[in-house]
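Taking it in order: structure first as structure tokens, then the write-up.
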Amino acid sequence: MKRATNVLAALSVCAASAAFAAPPAPGDVVYEDGAVAQSLTGAPGDPAAGKVLMNKGSGNCIACHAVSDLSELQFHGEIGPSLDGAADRWNEAQLRGIVANAKMTFPETMMPSFYKVDGFIRPGNAYTGKAPEGPLDPLLSAQQIEDVVAYLMTLKE
Amino acid sequence: MNLQYALGIAGLTLAVGIGTAAFAGPDEDKLVINDVIEMITEAPAPEHVKQLGTIYSGWRFRTDDTQALEADDFSNPAMLAVDAAAEAFSKVEGEAGKSCASCHEDVSKFKGLAPSMPKVVDGKVVVFEDMINSCRTNNMKAEAWKWNSDEMQGMVALIKNQSRGMPVNVTIDGDAKPFWEKGKEMYYTRYGQLELSCANCHEDNYGNMIRADHLSQGQINGFPTYRLKQAKLISVHNRFKGCIRDTRAETFKEGSDEFKALELYVASRGNGLSVETPAVRQ
């Protein structure tokens, strides 16, 4: 009997997540005036994980942006605007759109598109300088996009 | 120097109020090599890159410490390679039993050549590496040097050094035109998964910090350049390769037709700046 309940419980978890089972492929994300209303994972992101991505790996947002909340880290860039107060200027859907593909909000912007996998000129295999071996991964996964958006939502002045 | 320092501090205070843009720009330092050769590190932008307003040598964007290394040949770490090349110049190699000096007597004969390079000859862009290897293989019957080898870049540096201080003056019309156009197109192409062009960094954002790097105009008047990070002389094409790789792109090869066209174009953006070879960069 006990086993049966567990199976049931497991099933219902599956059922619950099935609605958001797979994040949309980058090409299927719907932008409205640059904004993306739906969470890419169907769940809120983790701001602490997002904070780490601002500095590291494929996020590296502070290469171009200054963020006072991250002032313990050295060398913030000056290419884009300071992200202080970003959540006062933009709502969550707009921030999701900017992080996923900033060119939908700011055409021609220098900011890379973090949730995009095609349409590039001579894309490479990460930073090797070589041709890619297969399809490209987006710079940030759906989960990572949500984490970064959750972090940006904490940037209020 | 003191006044500049004070101005710098004033700029800093202002910047807090009005945003980071106030940091933007080259410094005001003057480059006089060995206290003798006055270098042009700032000039009116040539007509074909009017949008820049003023062109600046990369030297103007480096820290005082790095700048000082280039200002004096005794402290310039590239001079070791240049001295080695001066010896190689008169060293007999290859089956023809000749050295560079057998045909060219003294390397000082090359004074005045660097400002016009690269140039188009017989429908091809010729860069120094090509000239040197063609002498080695055809006239000396010696082995070609590898593009990035210390021997090759040392020899390019030695020859360009003869023209140090003279203003760059690369031809962009006539036979050069189609190559120049091709190079220009590359300069504005947004390569790689990061979709960044040379112009995004070196035209739109020179003077700004990208993480820990102070962006210059990406001029090549000082190449081959001694890069402290790599602890050796690096070629123009090696630098191009690194910059394109950093856009998460598939790069081009050193010596490729693409990079030669790009070299011609980028060199012409520095028309008016002094040849600074061998420059020192971070």
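The values are calculated or read from the model by the stated rules, or taken from the named source; none is laboratory data. Bear in mind that the values here come from a model prediction, so they are computed numbers and not experimental data. Here the Cβ positions follow ideal geometry from the backbone for every residue, glycine too, while neighbour counts run over all protein chains shown. The accessibility values were calculated without ligands, DNA or RNA, using every heavy atom of the protein model including side chains. Shrake-Rupley method; radii C 1.70, N 1.55, O 1.52, S 1.80 Å.
A few notes on this one:
- Single match in B:ARG239, B:ARG248 (criterion: closer than 26 Å to B:GLY53 by Cα, in contact with a strand residue (DSSP E or B) (Cβ under 8 Å, 6 or more places away or on another chain) and within 14 Å of chain A (Cβ to nearest Cβ)): B:ARG239
- Scan segment A:52-64 for residues that are crowded, with 19+ Cβ neighbours inside 10 Å and either hydroxyl-bearing (Ser, Thr, Tyr) or under 13 Å from the mean Cα position of the chain (by Cα) (or both) and the total you get is 4.
- Members of segment A:104-132 that are of a type in the set (D, E, K, R) and either touching a residue at least 12 places away in the same chain (Cβ under 8 Å) or more than 8 Å from chain B (Cβ to nearest Cβ) (or both): A:GLU108, A:LYS116, A:ASP118
- Whichever residue in segment B:164-200 is among the β-branched types (Val, Ile, Thr) and over 24 Å from A:LYS103 (Cα atoms) and, among such residues, is most open to solvent (accessible area, probe 1.4 Å): B:THR171
- Hey, B:ALA71 free of Cβ contacts under 8 Å to residues at least 40 places away in the same chain, small (Gly, Ala, Ser) and on the phi < 0 side of the Ramachandran plot or not: no
- Scope segment B:127-164; condition within 15 Å of B:ALA279 (Cα to Cα) and in a helix (DSSP H, G or I); matching residues: B:GLN153, B:GLY154, B:MET155, B:VAL156, B:ALA157, B:LEU158, B:ILE159, B:LYS160, B:ASN161
- Test: residue in segment B:155-162 that is free of Cβ contacts under 8 Å to residues at least 12 places away in the same chain and basic (Lys, Arg): no
- Test for B:ASP257: is it in contact (Cβ under 8 Å) with a residue 60 or more places away in the chain and either open to solvent by 20 Å² or more (accessible area, probe 1.4 Å) or at negative phi (or both): yes
- Output for segment B:126-170, where each listed residue is at positive phi and under 14 Å from the mean Cα position of the chain (by Cα): B:GLY165
- If you go through segment B:1-30 and keep only what is at pLDDT 50 or above and open to solvent by 90 Å² or more (accessible area, probe 1.4 Å), you end up with B:PHE23, B:GLU28, B:LYS30.
- Which numbered condition A:LEU95 fails, given (1) away from chain B (no Cβ under 14 Å); (2) open to solvent by 40 Å² or more (accessible area, probe 1.4 Å): (2)
- Residue ID - nearest to the other protein chains (Cβ to nearest Cβ), chosen from residues in segment A:65-84 that are touching an Asp or Glu at 6+ places or on another chain (Cβ under 8 Å) and open to solvent by less than 50 Å² (accessible area, probe 1.4 Å): A:ALA66
- Considering B:LEU194, B:LEU233, the condition of being more than 14 Å from chain A (Cβ to nearest Cβ) and either at pLDDT 95 or above or closer than 30 Å to A:ASN55 by Cβ (or both) is satisfied by B:LEU233 alone.
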